[in-house]
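The values are calculated or read from the model by the stated rules, or taken from the named source; none is laboratory data. Note that the structure is predicted; figures quoted are calculated from it, not measured. Methodologically, a virtual Cβ is constructed for each residue, glycine included, from the backbone with ideal geometry; neighbour enumeration extends over all protein chains shown. Quick note on the areas: whole protein, heavy atoms, side chains included, nothing else; ligands and nucleic acids left out. Shrake-Rupley method; radii C 1.70, N 1.55, O 1.52, S 1.80 Å.
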Amino acid sequence: MDFPHASALVSKTTNKEFPIDSGDLIAGVGRVLAVVEAFNDEYGRMTVTQVAERTGIPRTAARRYLLNLCHFGYGDTDGKFYWLTPRVLRLGQGYLDGARLPRLVQPFIQRLAMSSGETVNVSVLDGHDVVYVARSNSPRVVSIGFYAGARVPAHVVGPGPAILSTLSDADLQAWIATHEFATFNSNAVLTAQTFEKMVLIARKNNYCVSVGNLDFGLTGVAVPLRDRHGECKAALSMTLQSSIWNESLIVEKLLPLIIETAQVLRALI
């Protein structure tokens, strides 16, 4: 997936709820964050030139940002290559520890996990990825699914279509037009057209069942998690073994429990 250049991050100077005056904008903050976000599983170690190319930041400036990350303990270098250190995890952990949503949903997803016998997740949409922000303790010795903090392309897991089903047609089309539909499983090749159909079915049913789009042996079920005003804030989901759970059994046995929990949470979010 193409990485957005720093200019795209820096240009986001307005927010519907908290607009920022241009005089208050510190462009360097956006560029530092762009440098941090440029690292991923494919680009875990990079030269200054690579960072500059991936972020659109001039090479001399990219070098200074990397050196500052190293100075403050968020990066390290051997003189040629740079990489992030575990200290970066503190940035994301601050959200998981302090955000209201993960703390609020935890007792409810734990109760759902115990009644269903399956692991339960809550996730949010971050651009083109689903980020898992809460997870129940597993009722099984061996559990499957995603841990809090996991980030997955939105088209291959149930929460993606579930959340996107709440968008307007125009917003959905814009999202699809800029998304890279990478294939993670040769048995489930998703295109923009097939994914749009999946989202529209989720919109009609108010839930999504995603079968084998990430892992051939896994099936996901997700529903939008709305607040008291009807606005979608997240998705409530389970990841299941396809050999045990087919769609009809999911709809019969699990979906009523998931929907009941979502309705209870709606009054609280």
Where GluC sites (Glu not before Pro) fall in DSSP loop in region 186-269, at most 14 other Cβ within 10 Å
E231
Express in nm, to one decimal, how much length is gained between N205 and I259 on full extension, taking 0.36 nm for each residue of separation and deducting their alpha carbon distance.
18.3 nm
Based on the Cβ-Cβ distance of N40 and L268, what FRET efficiency does E = 1/(1 + (r/R0)^6) give at R0 = 41 Å, to the nearest 0.05?
0.75
For A99, project a label point 7 Å along Cα to C-beta. Then give me every residue of region 137-159 with its amide nitrogen under 14 Å of that point.
147-152
Of S138, S243, S115, which has the most accessible area and how do the rest follow, probe 1.4 Å?
S243, S115, S138
For the chain, which whole-number percentage of the solvent-accessible area (1.4 Å probe, protein heavy atoms only) is attributable to carbon and sulfur atoms?
54 percent
For the chain, longest principal axis from Cα atoms; helix 100-116 axis from its Cα atoms; angle between them, nearest 10 degrees, is 40 degrees
With n ≥ 4 as the cut-off for DSSP H runs, can you work out [θ] at 222 nm for the chain, using -39500 (n - 2.57) per run divided by the number of residues, rounded to the nearest 500?
-12000 deg cm²/dmol
Output the peptides 40-46, 210-216 sorted from most to least packed, where packing is the average of other Cβ atoms within 10 Å over each peptide's residues.
210-216, 40-46
Mean projected area (nm²) from the convex hull of Cα positions in region 52-101 is 4.6 nm²
Taking Cα centroids, how far is region 74-131 from region 157-219 in Å?
22 Å
Packing rank of 116-125, 89-98, 52-61, where each peptide gets the mean count of other beta carbons within 10 Å, highest leading:
116-125, 52-61, 89-98
Per residue, how much accessible surface does the chain expose to a 1.4 Å probe? Answer in Å², no decimals.
55 Å²
DSSP loop chymotrypsin sites (Phe, Trp or Tyr not before Pro) in region 142-183 with at most 12 other Cβ atoms within 10 Å of their Cβ, which ones?
Y147
For semi-axes √(5λ) of the Cα gyration tensor in Å, one of (1) 35, 20, 20; (2) 32, 21, 17; (3) 36, 23, 20 was computed from the structure I shared and the rest are decoys. Which label?
(1)
Any idea what angle helix 192-205 forms with the longest principal axis of the chain, computed on alpha-carbon atoms, 0 to 90 degrees, nearest 10?
50 degrees
Give the shape of region 141-269 as rounded, prolate or oblate, defined through the alpha-carbon gyration tensor: a ≥ b ≥ c are the square roots of its eigenvalues, a/c under 1.5 means rounded, and otherwise the shape is prolate if a/b is larger than b/c and oblate if not.
oblate
